[in-house]
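J.: Got a structure for you, questions after.
Any read-out appearing in this document is the output of simple, stated calculations on the displayed coordinates, not a laboratory observation. All of these numbers come straight from a predicted model, not from anything done at the bench. All Cβ positions, glycine included, derive from the backbone under ideal geometry; neighbour counts span all protein chains shown.
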Amino acid sequence: METGRVLFVRALLASLLMYCCIPSYGQDADKPDIQYGQFEVSRTAAQLVDLVGSASMLDALDDDETVSWRLYVPQTYDSSKPAGLMVYISPTSSGEIRRDWKSVVDAENLIWIGANRSGNKTRTNKRILLATLAPYLASDSYEIDPDRVYLSGFSGGGKAAGMASVHLARLFKGAIFICGAESWSDIEPEQLLIAAPNRYVFVTGSRDFNNTLTRRVHRKFERAGLVNSKLMVISGMEHSTPDAEYFREAILYLDRRE
């Protein structure tokens with residue numbers, strides 16, 4: 001018998017399938033003044049309804065709730081060269097980027113965005129919703145390349161990312177699961193076909209307590225036909241996020257440059 005949590009998350013994912021493409025903006029579209037560096041952006045539930053055009057999409061939020069995201073935008077961002085977007089689900093209460101990953105984001109023309117108060121104590125359906133809203137929020141101010149919208153997460157965040165990435169494969173064109181991964185409990189064959197061209201990276205450490213789980217989910221992806229999947233086992237690493245060199249290697253794989 002399926003748990004209430006699984007059923008609730010599946011219902012959310014089904015409702016989000018119709019909102020799986022970020023809005024397209026031309027170069028001359030009006031956008032607010034952009035910010036660079038690291039900063040926080042917040043929106044009320046009402047403002048998010050205006051952003052996505054649907055109140056039903058936001059059922060996991062309270063009507064009077066305000067939610068926030070941490071962004072990191074390289075100083076080299078150029079609207080004439082749409083940036084990729086890395087959406088991150090953290091196991092903690094902060095969506096902030098790891099310090100030494102900033103140089104990778106700079107070099108690879110990416111924008112980072114992670115929801116705050118979306119850690120392991122947050123309901124899974126809400127974590128997935130906040131990650132789904134992130135591309136809408138980012139594309140409201142920045143030119144985003146829809147073919148480089150990626151999802152990632154660490155530990156419990158990696159598990160939430162795993163549940164969302166294949167169901168929302170039209171939105172997230174690749175994903176990095178770090179020391180934690182989880183797959184679908186049920187999915188239509190057509191959705192697997194949509195996800196098949198996308199690329200997925202499973203990162204674990206040789207001393208990570210989630211090593212066996214991460215390997216098992218990686219094998220499930222491959223058996224389901226999602227063969228563009230890379231397993232990275234980092235020697236000596238425990239349950240932690242990897243150094244910048246491994247983070248860059250994962251991004252290069254998503255970008256088909258490895």
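J.: Tell me, 256, 199 in order of fewest to most beta-carbon neighbours within 10 Å?
T.: Least to most surrounded, the residues fall as 256, 199.
J.: Now a separate question. Take 99, 148 and order them by how many other Cβ atoms sit within 10 Å, fewest up front. List each step's numbers first, then the result.
T.: Working: 99 9, 148 20.
Fewest-to-most ranking of 99, 148: 99, 148.
J.: Using the Karplus curve 6.51 cos²θ - 1.76 cosθ + 1.60 with θ = phi - 60°, what ³J(HN,Hα) values do you get for each residue of the range 91-108, in whole Hz, with x for Gly and Pro?
T.: Using θ = phi - 60°, the values come out as x, 9, 7, 10, x, 5, 6, 5, 4, 7, 7, 4, 5, 5, 4, 4, 5, 9 Hz.
J.: Also, I was wondering about something else. Determine which lysines satisfy two conditions relative to residue 126: a Cα distance under 20 Å, and not lying fewer than 8 residues away in the same chain.
T.: 159
J.: Here is a further query. Which residue, 157, 37, 174, tops the fluctuation ranking in a GNM of the chain built on C-alpha contacts under 10 Å?
T.: Highest fluctuation of the listed residues: 37.
J.: Report, for the chain, the % of DSSP beta bridges that are antiparallel, rounded to 5.
T.: 30 percent
J.: Something else now. Lys and Arg at +1, Asp and Glu at -1: add these up for the other residues within a Cβ distance under 15 Å of residue 240 and post the number. Working shown, then result.
T.: Details: positive: 98, 99, 207; negative: 100, 208, 238, 243, 245.
Neighbourhood net charge equals -2.
J.: Taking other Cβ within 10 Å of each residue's Cβ, how do 48, 231 sort, fewest first?
T.: Fewest-to-most Cβ neighbours within 10 Å comes out as 231, 48.
J.: More than 15 Å apart: what percent of Cα pairs in the range 146-227 qualify?
T.: Summing the P(r) of the range 146-227 above 15 Å gives 50 percent of all pairs.
J.: Further question: At a Förster radius of 22 Å, what calculated FRET efficiency corresponds to the Cβ-Cβ distance of residue 245 and residue 123, to the nearest 0.05?
T.: Approximately 0.05, to the nearest 0.05.
J.: Please report Rg (one decimal) and Dmax (integer) in Å for the Cα set of the chain.
T.: 17.0, 52
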